[in-house]
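Okay, structure first, notes after.
The values are calculated or read from the model by the stated rules, or taken from the named source; none is laboratory data. Values in this document were obtained by computation on a predicted structure and should not be read as measured data. Here the Cβ positions follow ideal geometry from the backbone for every residue, glycine too, while neighbour counts run over all protein chains shown. Just so you know, the surface numbers come from the protein's heavy atoms only, side chains and all, with ligands and any DNA or RNA stripped out. Shrake-Rupley method; radii C 1.70, N 1.55, O 1.52, S 1.80 Å.
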Amino acid sequence: VRTLVVGSAGQLGHDLARTFGDTELLTVDRASLDITDERRVLEVVREARPDVVLNAAAWTDVDGAESAPDAAMQVNAFGPWHLARACDEVAATLVTVSTDYVFGGAAVDGVGPGGRGWREDDPVAPDNAYGRSKVAGEELVRVATDRHHIVRTAWLSGAHGSNIVRTILRLGRERPVLSFVDDQLGSPTTTADLAVGIRRLVDTGEHGTTHLTNSGTASWYDLAVAVVELAGLPARVERRRTEPGERPAARPSWSVLDGSRAEALGVGPLPYWRVALAHLLDELGELQHEGPAERRDP
Ligand SMILES: NC(=O)c1ccc[n+]([C@@H]2O[C@H](COP(=O)([O-])OP(=O)(O)OC[C@H]3O[C@@H](n4cnc5c(N)ncnc54)[C@H](OP(=O)(O)O)[C@@H]3O)[C@@H](O)[C@H]2O)c1
């Protein structure tokens with residue numbers, strides 16, 4: 001199997017390259033392939049003749065997208081569109097990654113704390129420019145090729161890149177008290193586990209839209225407490241509520257994705273988030289206390 005990883009310098013791109021390392025692997029970072037350049041995308045895909053293209057390239061600056069929605073749209077909508085058309089031409093499967101932020105703007109009966117997570121067929125209603133660009137990318141991929149996987153995930157952290165876990169580690173050394181919101185809930189997910197899930201998904205030979213995150217539910221406060229505990233940092237973590245308008249982009253209060261489809265495909269469940277976090281901290285050389293061996297909600 002020939003695999004082309006696009007956006008290979010990002011945190012997920014790095015772990016995808018590792019996880020698909022036993023295939024005939026080609027990787028391109030932004031310097032060698034800008035996915036907004038349709039001609040270049042065609043050229044690279046035609047030359048690589050891959051069986052599978054894994055797209056980890058994206059505009060991921062959620063707040064920055066509010067003041068540059070067109071630029072975010074170029075990368076997150078037209079980038080996947082170019083890749084999907086090129087994949088269709090060479091009969092390759094495209095895996096592209098989307099987000100929980102496609103939801104959040106509207107209430108759906110039964111979805112939310114105490115209820116269920118978002119399912120693949122729940123109506124999308126993005127609340128920010130980044131989410132709108134990802135919805136547009138999903139739709140363009142669906143119309144460009146049937147041979148696609150749209151993998152929606154959430155709250156990613158990996159060993160190679162900047163992310164919330166690394167921010168908590170830094171702040172936990174700089175400050176005696178950290179303050180994190182406890183009214184936004186999601187499933188913290190490591191790019192290492194997501195890459196393994198994507199590998200299993202590709203191996204099923206099925207196509208479509210699939211939700212894939214680590215298991216369990218946490219608030220940003222729970223995540224900060226877990227990082228501080230597992231890394232043995234001296235900081236204390238305080239809870240706070242989200243202030244209206246505190247960030248340029250609105251964030252959904254419920255980011256939990258239902259994993260039933262992944263389970264039905266034999267791809268999930270991925271490990272419990274705190275177990276995944278302990279592995280990530282270990283990889284970063286920051287694990288001081290053993291994580292739990294199995295599921296344990298805070
Ligand atoms: N991070 C999260 O919490 C989260 C949550 C849900 C979904 N996702 C999705 O998961 C996927 C992977 O995210 P990640 O956290 O691994 O992101 P990341 O670390 O920010 O990596 C994204 C990569 O894409 C590259 N890139 C940006 N514009 C490009 C372009 N026009 N052409 C080619 N490459 C370009 C970036 O290069 P530069 O660094 O040089 O700009 C970077 O290497 C993305 O689709 C993201 O939207 C992320």
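Assorted remarks:
- In the chain, taking the dipole from charged Cβ atoms about the Cα centre, the farthest positive-side position among S253, G161, T60 is held by G161.
- In this Cβ point-charge picture (+1 for Lys and Arg, -1 for Asp and Glu), the range 165-279 has a dipole of about 400 debye about its Cα centre.
- The range 270-279 - phi-based ³J(HN,Hα) in whole Hz, Karplus 6.51/-1.76/1.60, Gly and Pro as x: 7, x, 4, 4, 6, 5, 4, 4, 4, 5
- Heavy-atom surface of the chain, accessible at 1.4 Å and reported per residue (Å²): 44
- For the range 10-22, backbone phi angles converted through the Karplus equation (6.51, -1.76, 1.60; θ = phi - 60°) give residue-by-residue couplings of x, 5, 6, x, 4, 6, 5, 4, 5, 6, 9, x, 8 Hz, Gly and Pro being listed as x.
- The alpha-carbon atoms of the range 181-278, seen along their principal axes, cover 46, 33, 19 angstrom, with the largest extent given first.
- By average C-beta atoms within 10 angstrom, highest first, the peptides 252-261, 116-125, 103-112, 5-14: 5-14, 252-261, 116-125, 103-112
- Taking θ as phi - 60° and the Karplus parameters 6.51, -1.76 and 1.60, the scalar couplings of the range 235-244 work out to 5, 9, 10, 9, 8, 9, 9, 5, 8, x Hz in sequence order, x denoting glycine and proline.
- Using a probe of 1.4 Å, the accessible surface attributed to H82 totals some 20 Å² when neighbouring protein chains are kept in position.
- Extension gain from V90 to E139, taking 0.36 nm per residue of separation minus the Cα-Cα distance: 15.6 nm
- Here's how it looks for G104: its modeled amide H is under 5 Å from those of A125, which are all 5 or more places away or on a different chain.
- Cα centroid separation, the range 119-166 to the range 172-187 (Å): 24
- Between the helical axis of 164-174 and the longest alpha-carbon principal axis of the chain there is an angle of about 40 degrees.
- Residue-averaged [θ]222 nm for the chain, counting only DSSP H segments that reach four residues, each worth -39500 (n - 2.57): -11000 deg cm²/dmol
- If you take the Cα centroid of the range 45-113 and the Cα centroid of the range 191-229, the two points sit 17 Å apart.
- Close amide H pairs (under 5 Å, H built 1.01 Å from N) link Y272 with S215, residues at least 5 positions away or on another chain.
- Solution diffusion estimate, µm²/s, Stokes-Einstein, the chain, Kirkwood Rh from C-alpha pairs, 37 °C, viscosity 0.692 mPa s: 169
- Here the chain exposes an accessible surface that is 47 percent carbon and sulfur, computed with a 1.4 Å probe and the other protein chains kept in place.
- Percent antiparallel among DSSP beta bridges (both partners in the chain, rounded to 5): 10
- Sequence-distant residues sharing a close amide H with T93 (under 5 Å, placed H): V52, V53
- The range 105-228: proportion of alpha-carbon pairs further apart than 25 angstrom, %: 35
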